[in-house]
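The values are calculated or read from the model by the stated rules, or taken from the named source; none is laboratory data. Not measured: the values here are computed from a predicted model. Note that we place each Cβ from the backbone using ideal geometry, even for glycine, and neighbour counts take in every protein chain shown. Note: accessible area is taken over every heavy atom of the protein model, side chains too, but ligands, DNA and RNA are not part of it. Shrake-Rupley method; radii C 1.70, N 1.55, O 1.52, S 1.80 Å.
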Amino acid sequence: MAENNTYYITTPIYYPSGKLHIGNSYTTIACDAEARFQRLEGKDVFFLTGTDEHGLKIEQKAEALNTTPKAYVDGMAEDIKKLWDLLEITNDKFIRTTDDYHEKAVQKIFQKLLDQGDIYLGEYEGWYSVSDEEYFTESQLAEVYRDADGNVTGGKAPSGNEVELVKEESYFFKMSKYADWLLDYYQTHPNFIQPASRMNEMINNFIKPGLEDLAVTRTGFKWGVPIKNDPKHVIYVWIDALSNYITALGYSSDEDGNFKKFWPANVHMVGKEIVRFHTIYWPIMLHALGLEQPDQIYGHGWLLMKDSKMSKSKGNVIYPETIVKNYGLDALRYYLLKAMPYGNDGNFTPEDFISKINFDLANDLGNLLNRTVAMINKYEGGVIPTFQSGVNDVDVDLETTAATTIKNYEDLMNNLHFADALAEIWKLVARTNKYIDETTPWILARNDDDESKQKLASVMNHLAESLRVIAILIQPMMTQSPAKIFAQLGLDVNQLELQGLKFGEIPADTKVVEKGTPIFPRLDVEKEVEFLKNQMTQSDKKKGRAAMAEANQEKAEAVATDQKKEIRIEAFDKVELRVAEVLEAGPVKGADKLLKFKLDAGDEEPRQILSGIAQSYPDPSVLVGKKVVIVANLKPRKMRGKMSQGMILSTEHDDQVKVVMVDDQHQNGDVLG
């Protein structure tokens, strides 16, 4: 049982199969904001993040890179830790599922569930997605491939990733045994899953249709936690990965002090794509282990780019390092937390990002600070006057707005409504800017009577006090600006205290800096939008090149040709040509003309392509290590029972076929245009 004044919050553990983008970073920044807020509220916080490092995809990735899985995940984990340092993430622990204590605990958990009859040995046959680390029934596939006789030959998972038929011995968890218990738990704990719409999805899509037993081991690969008494099986991702939330606290070890102190968790924050595993598999596992349930599982939406989920394969990725380097950390943290409405998807566009920097940060907040510091220097000799309430007619309204903002902000932050909390703060920012226009301090300063001087002093105090309150409230979201605001106001950064915050408590006679500096300089919109668009990954770069080509289209169309019918640039732009390195090449059993290639085309995992060039390359090994050109967005198809994910370009002369190759200066995944 967790102690009363503790707060335990977790991110999902990230799968280190590639570089994290700003969409991945959102969850960690959101959890960090909540952890910071709870610390400011006086809570004893434990904030956990980490990496999920086992599985077939990692094994394949390491093999493609000619390294070991452990060496590969060691490097990726360090890169993620460096990113969290850059984003000033204040996690208390970083767990890796390859940590020795975690693997030992997972083996104990598995054995306990096996001994008590919740796990049994059987055989599984189904459609498996390597990328998703998940099995699917035929009815769950988003797209099904069939041969000429109508037999299912493959398909795509709801994520869009390819599936393959897997049949193997497996241990199963009796999920079906606990379906009624889980449904009852949902009904008696209506806030367990947030937003509520996620709970309805789980009930209607997975529980009511019938909860199936879950395959929890694999024998088709070795990179995982082996079962002690049956080591040919490795414990499959969800028992391994989900258990991190308790093993990180010392569960099932001699050092379980943190488990006793912090469990159950207050919040597991996850993306909506993994809500099912956290709200069905995880509660049932905990119940079977006799452990308390977390207070809440919050499934946030996706950060979309042009209505599509941010994805490296779609070429619509922006990396956080780029944003921080060019615009600062607070701009990134503010934007991500503001752009994602509670429980819904958010949208990132370069135009909106630059707009929010210029208007919300530079104009509304930054200019308010600049004007306030300049006026206090001009009208009050640089010294903040003593607070007095009600001197000006609108003073009380500003004070009331601040009090309302503080109360609403605390309620919203306690319930993970980050975008709404920021909107509430910016109501105070807007009200303070309006207050300047209402009180017209430049007119008051022209008058030499005592009443005007008193009113002017009150205006200066109220402006400085509003900024003090704003700086304190934005601390969880924006980690650098509060100290900068305090420094320009001449305040002690050690006094950035949220508990007991009230309007009107700014220390009198504090001297502001003699000349303020903009904390958010205004940006050249056209220049910065263009810069961000150019930072998009390969697919968007291709579009940029296609756009430049289109500008010369009229000239190009004038060129005569006696070859195939001409096409417009729009048609060519639909074809994605990529550089790919041949990792493996060999014959296809029973097919004299086909060769099977394994290629690194810059995807998260190698792709397989079949090509009818066997007669021209009797020794296909000569192609290994060569860089070829492929059509990367050709619809996958089955050939001789094997999936082909694209086409290798070649030339033909005098009946001799030659694969088109490029030199080593081109990187795997480079797009031709």
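Quick look at the values:
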{"read-out": "Tensor-based shape of the chain (alpha-carbon gyration tensor, a/c under 1.5 rounded, otherwise prolate or oblate)", "value": "oblate"}
{"read-out": "Expected 222 nm ellipticity per residue - DSSP helices of 4 or more, -39500 (n - 2.57), all of the chain, to 500", "value": "-11500 deg cm²/dmol"}
{"read-out": "Aspartates and glutamates whose Cα lies under 17 Å from that of residue 260, excluding same-chain neighbours fewer than 8 positions away", "value": "3, 44, 92, 292, 295"}
{"read-out": "Total charge dipole magnitude, region 428-512, about the Cα centre, Cβ charges on Lys, Arg, Asp, Glu only, Debye to nearest 20", "value": "300 debye"}
{"read-out": "Counting DSSP beta bridges with both ends in the chain, the antiparallel % (nearest 5)", "value": "75 percent"}
{"read-out": "The chain - percent relative contact order, Cα under 8 Å, separation 6 or more", "value": "12 percent"}
{"read-out": "Nearest-20 debye value, the chain charge dipole, Cβ charges on Lys, Arg, Asp, Glu", "value": "1120 debye"}
{"read-out": "Dipole of the chain, positive end: most advanced residue of 298, 616, 463 [Cβ charges, Cα centre]", "value": "616"}
{"read-out": "Signed unit charges on C-beta, dipole axis of the chain, positive-most listed residue 499, 327, 21", "value": "21"}
{"read-out": "DSSP beta bridges in region 39-183 [antiparallel fraction, %, rounded to 5]", "value": "85 percent"}
{"read-out": "Region 421-465, accessible surface, carbon-and-sulfur percent (1.4 angstrom probe)", "value": "47 percent"}
{"read-out": "FRET efficiency estimate (nearest 0.05) - Cβ-Cβ, residue 5 to residue 619, R0 56 angstrom", "value": "0.20"}
{"read-out": "By average C-beta atoms within 10 angstrom, highest first, the peptides 349-355, 43-49, 133-139", "value": "43-49, 349-355, 133-139"}
{"read-out": "Distance violations [Cα-Cα > 18 Å] among 57/272; 589/642; 167/208; 112/174; 82/222", "value": "57/272; 167/208; 82/222"}
{"read-out": "Entries in 81/533; 627/658; 596/638 that, when Cα-Cα distance is taken, lie over 18 Å", "value": "81/533"}
{"read-out": "Of all accessible heavy-atom area on region 58-125, the percent that carbon and sulfur account for (1.4 Å)", "value": "47 percent"}
{"read-out": "Probe 1.4 Å, accessible area per residue of region 55-167, Å²", "value": "47 Å²"}
{"read-out": "Computed label-point distance, nm, for sites residue 649 and residue 177 using a 7 Å Cα→Cβ extension", "value": "5.8 nm"}
{"read-out": "Percentage relative contact order, region 280-395, counting C-alpha pairs under 8 Å, at least six apart", "value": "22 percent"}
{"read-out": "Region 178-249 - percent of accessible surface contributed by carbon and sulfur, probe 1.4 Å", "value": "50 percent"}
{"read-out": "Projected label distance in nm at residue 389 and residue 41, using a 7 Å step from Cα toward the beta-carbon", "value": "2.6 nm"}
{"read-out": "Region 225-347, accessible area per residue, ligands and nucleic acids excluded (1.4 Å, Å²)", "value": "32 Å²"}
{"read-out": "Förster radius 35 Å - calculated FRET efficiency between residue 349 and residue 626, Cβ distance, rounded to 0.05", "value": "0.35"}
{"read-out": "Pairwise Lys count, region 291-393 - Cα closer than 23 Å, eight or more residues apart or different chains", "value": "9"}
